[in-house]
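This report concerns only the one structure given below.
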Amino acid sequence: MSLLRARVRRPGRLAAEASALLIAVVVAFPLYWMVLSAFKPAGEIESSQPRPWTLAPSLDSFRRVFGQQEFGRYFLNSLLVAGCVVIASALIAFLAATAVTRFRFRLRTTLLIMFLVAQMVPVEALTIPLFFLMRDAGQLNTLGSLILPHIAFSLPFAIWMLRGFVKAVPEALEEAAYIDGASRARFLWQILFPLVLPGLVATSVFSFISAWNDFLFAKSFIISDTSQSTLPMALLVFYKPDDPDWGGVMAASTVMTIPVLVFFVLVQRRLVSGLGGAVKD
């Protein structure tokens, strides 16, 4: 009987696996084409008959990218912005999620609804008001004009997601810690924080990607001081309307992708458990 059920289910399972494989190919193909174009010679990139392979790989595009005088500075700026956004948003979201979950106060439900509403507002609609706000605060042409908005946009999602992780920690555990003599701060950082760490990792991934790939804020708020630019702005060096350097664009994009992949590899285990906990909640 079990063998018969396995045979009945097998076509459905094969269809699901084939669909998953097809989706993976569709998602991975742009990345493959980006890396391939970065290694192609200029003649093959501009050919009217593009091929999904190259028989003469070249590092000329990468030499042009790393030959840019400011490319290293752009990389460090992006790393600083993304790092500050990840750390600050994670800490603030953790404290806020604990507050809205463990404490009872007026307008708590209204505050949670506002977090959801904030996610519905498109970033483009707030760019101009944010520009005037940064100008009045004297933050234009500084990395602060990139860090502060990204922290603000990362917090609603992070708080809402971490709320489920904090809520999943039994209150009996907190009461037992107090009975054993633990202070509120000790329970918060030595007991609660490690338990919700997978959720913090999951939210940090989204914050990192958003800050690392940002082009809109970098283009809008960094106007004249190019020393404060980030990696997405470096792509404009290779893109010229009359004569775009597609090899340079693809090589720079490939270099930009490497830190994201490294970050994913470092946190993949906690990311999976964090997302699994969020779905379970």
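The values are calculated or read from the model by the stated rules, or taken from the named source; none is laboratory data. Not measured: the values here are computed from a predicted model. Using ideal geometry, Cβ is built from the backbone for each residue, glycine included, and neighbour counts are taken over all protein chains shown. These area figures cover heavy atoms from the full protein model, side chains too; ligands, DNA and RNA do not enter into them. Shrake-Rupley method; radii C 1.70, N 1.55, O 1.52, S 1.80 Å.
Scanning segment 96-122 for residues that are open to solvent by 80 Å² or more (accessible area, probe 1.4 Å), under 28 Å from Ala185 (Cβ atoms) and assigned to a helix (DSSP H, G or I), which turns out modelled with the highest pLDDT?
Applying the filter and picking the extreme gives Met114.
Can you spot a residue in segment 136-148 that is over 26 Å from Leu79 (Cβ atoms) and either assigned to a helix (DSSP H, G or I) or in contact (Cβ under 8 Å) with a residue 60 or more places away in the chain (or both)?
Yes: segment 136-148 contains one or more residues that are over 26 Å from Leu79 (Cβ atoms) and either assigned to a helix (DSSP H, G or I) or in contact (Cβ under 8 Å) with a residue 60 or more places away in the chain (or both).
In segment 10-20, is there at least one residue being closer than 16 Å to Gly247 by Cβ, without any contact (Cβ under 8 Å) to a residue 40 or more places away in the chain and surrounded by fewer than 11 Cβ atoms within 10 Å (Cβ to Cβ)?
No - not one qualifying residue is present in segment 10-20.
Give all pairs with beta carbons closer than 8 Å in which a residue from segment 258-274 that is not assigned by the TED database to the domain that holds Ala168 and modelled with pLDDT of 80 or more meets a residue that is of a type in the set (Ser, Thr, Tyr) and open to solvent by 70 Å² or more (accessible area, probe 1.4 Å); count only pairs at least 6 apart in sequence or on separate chains.
Sorted first by the residue in segment 258-274, then by its partner, the list stays empty.
Within segment 171-201, how many residues are free of Cβ contacts under 8 Å to residues at least 24 places away in the same chain and crowded, with 17+ Cβ neighbours inside 10 Å?
Of the residues in segment 171-201, 2 are free of Cβ contacts under 8 Å to residues at least 24 places away in the same chain and crowded, with 17+ Cβ neighbours inside 10 Å.
Mind listing just one residue for me: the one in segment 45-79 that is open to solvent by less than 40 Å² (accessible area, probe 1.4 Å) and not small (Gly, Ala, Ser) and, of those, modelled with the highest pLDDT?
Taking the candidates together, the pick is Asn77.
Scan segment 207-242 for residues that are more than 23 Å from Thr142 (Cα to Cα) and aromatic (Phe, Trp, Tyr) and jot them down.
Scanning segment 207-242 gives Phe238, Tyr239.
Restricting to segment 219-235, name every residue that is in a helix (DSSP H, G or I) and either among the β-branched types (Val, Ile, Thr) or surrounded by fewer than 23 Cβ atoms within 10 Å (Cβ to Cβ) (or both).
Of everything in segment 219-235, those that are in a helix (DSSP H, G or I) and either among the β-branched types (Val, Ile, Thr) or surrounded by fewer than 23 Cβ atoms within 10 Å (Cβ to Cβ) (or both) turn out to be Lys219, Ser220, Thr226, Ser227, Gln228, Pro232, Met233, Leu235.
Specify the residue that is surrounded by the most Cβ atoms within 10 Å (Cβ to Cβ); the eligible residues are those in segment 128-170 that are under 21 Å from Ser210 (Cα atoms) and β-branched (Val, Ile, Thr).
This residue is Ile159.
Looking at Ala38, Ala24, which one is small (Gly, Ala, Ser) and surrounded by 15 or more Cβ atoms within 10 Å (Cβ to Cβ)?
Ala38 is the lone residue from the list that is small (Gly, Ala, Ser) and surrounded by 15 or more Cβ atoms within 10 Å (Cβ to Cβ).
Answer with yes or no whether Phe165 is outside any helix (DSSP H, G or I) and at pLDDT below 90.
Considered against the rule, which asks whether it is outside any helix (DSSP H, G or I) and at pLDDT below 90, Phe165 comes out as no.
Yes or no: Ser204 surrounded by 17 or more Cβ atoms within 10 Å (Cβ to Cβ), modelled with pLDDT of 85 or more and touching a Ser or Thr at 6+ places or on another chain (Cβ under 8 Å)?
In short, yes.
Which condition number does Phe62 fail, the rest of (1) assigned to a helix (DSSP H, G or I); (2) in contact (Cβ under 8 Å) with a residue 12 or more places away in the chain; (3) assigned by the TED database to the domain that holds Ser204 being met?
Only one criterion in (1) assigned to a helix (DSSP H, G or I); (2) in contact (Cβ under 8 Å) with a residue 12 or more places away in the chain; (3) assigned by the TED database to the domain that holds Ser204 is unmet by Phe62, namely (3).
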